[in-house]
1. What is the average number of partner chain Cβ atoms found within 10 Å of a Cβ in A:29-40?
2. Per-residue ellipticity at 222 nm for chain B, helices alone: DSSP H runs ≥ 4 residues times -39500 (n - 2.57), over residue total, nearest 500 deg cm²/dmol?
3. How many percent of DSSP beta bridges within the protein assembly as shown run antiparallel, rounded to 5?
4. What whole number of Å gives the distance from the Cα centroid of region A:96-130 to the Cα centroid of region B:400-471?
5. Expected output is a single nm value to one decimal: the length gained when fully extending between B:PHE309 and B:THR168, i.e. 0.36 nm times separation in residues minus the C-alpha distance. What is it?
6. So, by mean Cβ neighbours within 10 angstrom, what's the order for B:21-33, A:116-128 with the highest one leading?
7. Can you classify the protein assembly as shown as rounded, prolate or oblate using the Cα gyration tensor, where a ≥ b ≥ c are the square roots of its eigenvalues, rounded means a/c under 1.5, and otherwise it's prolate if a/b beats b/c and oblate if not?
8. If you find the alpha carbon centre of region B:228-286 and of region B:76-152, how far apart are they in angstrom?
Amino acid sequence: MEKFLTLTAVAVPLPVLNVDTDIIIPARALKTTTRDGLGAMAFHALRFDGEGGLRDDCVFNQARYQAAGILIAGANFGCGSSREHAPWALADMGIRCVIAPSFADIFASNCAKNGILCVTLPPVAADALARMADGARFTVDLVQQIVITPAGGTVAFHVEPARREALMAGQDEIGATLARVAEIEIFERRRAQAQPWHVSARLDVV
Amino acid sequence: MKTLYDKLWDQHVVWSSGAEALLYIDLHLVHEVTSPQAFAGLRKAGRALRAPQRTLAVPDHNVPTTSDRAQGIADAEGRRQLEALAANCADFAVPYIPMTDARQGIVHVVGPERGATMPGMTIVCGDSHTSTHGAFGALAFGIGTSEVEHVLATQCLTARKSLNMAVTADDPLPPGVTAKDLALAVIAKAGTAGGAGHVIEYRGRAFAGLSMEGRMTVCNMSIEAGARAGLMAPDDVTFAYLRDRPCVPRGADFDQAVAAWRGLVTDPGATFDKEVTITTADLAPHVTWGTSPEDALPITGRVPAPDTFPDPAKRAAARASLAYMGLTPGTPLSGIAIDKVFLGSCTNGRIEDLRAAAAVLRGRKIAAGVGMLVVPGSGQVKAEAEREGLDAVFRAAGAEWREPGCSMCLGMNPDTLKPGERCAATSNRNFVGRQGPGGRTHLMSPAMAAAAALTGRLTDVRKFSMVHQWKNS
Ligand code: SF4
């Protein structure tokens, strides 16, 4: 996973409540067997009108936001499905940080696994940042846990320490767990003794 | 003093750093959409699958539901995902139920009915509606594809403990009001983010009085309230459901398991971080009017005016919802004309759901111009319904009787709405474009969907006399 330390980029504002994972990436785009190329279908219902034409009123179609690396969104961002295609689509669009008043749990965890930083700010602060966007560049500094606005102001945020470290290290979580395989085996043995029906449960015969 | 969630969590901690824990996973359910990249990751890293016998795979999202599907899937991308699942399961020795197997179905219907879902387990799947399995007193939650890969490789998951939330409803449900109405009422009250960061335990007589099917409907919708998982304490209803199912232990092992499972209850005096109480004595059947599951109201209500919402963000969301849904504030919900009816999904595609809808449709015809799809949640549900003659009831009423799958719950397979079409659906999400681009979804119970089919309009099902006794499905 790519490390996240600091990011300086244009921020695209989408101050809408409950942006769900079907909005971020529609179900019909999930028929892929790879992680790449999903940006083309990202926010499809917002970006295109009924006839397939680009909607000028959609921020993602506006020239000043084309190079955006940050998304400033409304509360409960990423609610709905567990599809990791949502952060894959964001990453494919070039978004590496989402700032919002709150995030759906699974979405936030999926972002962390893909090196995307979710910054939670109070609604008023997130709103203020969204109003400053307008094609300007922000810096998100995970080391110091601050957002630096285009005018040079700073807004502090907090990321849970374990998640922050993993993002900063670009950690291979599976490798870390496999290093504990002895503990996993002890757990399995202990449980097989205490709860023998786990052994006689025949999950492989369905 | 522990909650049920605390107990399930504690029993599965392999290692903990305080903030984070390594949780052991008892059952990993797999489907074709969220797994190919995980298996690819395993291959790329040269890693083995740790516990194939704790893994069960079945295709559901992509599969067509027409009877000609045995001849193959026309859609090349969908076909590729199914082929990838079959090949991955073969390569890694994962128990796999193919599309053409009589046991195939939606993964959250198949797990419980095969008895793979048991109390006290941790269950994960690359699918948010894994919360369904919490109905058995299992800790069950959806995960992303990176986590699917993690579980395949380690049979464990790095997780942070959620907070405890109680949703309590103490009165039994009135006639004509079902688990789905209760679930929608809970989400309307708590909000789609009301359960964020929490695991919900459903408590009280209204929930305890539900069948396993009804409990699964409620727990299924927990994710729509933003919760990580939904739970109910297992009881005699649970144990009776499980006995003799194919994967469940037999004889003395079963008795020993039941004795232990009885301890899976919240200790008296344990406290919750958040509590919500629902009054059920006068609960009416619910329908949604907008594009978020929290936009639910009693069928006796009217389309709300966005200006009446105190929160400005909610006002803007409601305005956008109504524009998308093509609805005007003040319109009575009862009477809104529909084009399609979808009966199915992991929320309401079980046998009791089909019985409840058939009870309304029996001896009647659906309205001219309305198309109704009935999609059993699994091959086993389909076979049982056919034994009971429910397929004949649906066909005689003018509905289509299909093969099992996710179908019109999401626009990934051939069953989709056309732009502008309005659907009475028993599924769980009314998001923009969920049932196909431009499609408009109203969520409701199976009985309410059947009533809508008969009149061609959203309708209070309590107006219809029923041939069968009401079931809380
Ligand atoms: S029926 Fe719908 S909600 Fe359930 S697993 Fe399938 S797509 Fe997901």
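1. Working: counts 3, 11, 14, 6, 14, 3, 6, 1, 0, 0, 0, 0.
Across the residues of A:29-40, the mean count of other-chain Cβ atoms within 10 Å is 5.
2. Numbers: 16 runs with 151 residues, N = 473.
It comes out at -9000 deg cm²/dmol, rounded to the nearest 500.
3. Values: 26 of 76 bridges.
Just about 35 percent of them are antiparallel.
4. 34 Å
5. On the way: separation 141, 0.36 × 141 = 50.76 nm, distance 2.57 nm.
Full-extension gain reported as 48.2 nm.
6. Numbers: B:21-33: 24.8, A:116-128: 18.8.
Going from most to least packed, we get B:21-33, A:116-128.
7. Values: a/c = 1.44, a/b = 1.09, b/c = 1.32.
It comes out rounded by the Cα gyration axes.
8. Their Cα centres are 21 Å away from one another.
The numbers here are math on the coordinates, done by the rules we state, and not lab data. Keep in mind that what you see is a predicted model, and the values were worked out from it rather than measured. All Cβ positions, even for glycine, are placed from backbone atoms using ideal geometry, and neighbour counts span all protein chains on display.
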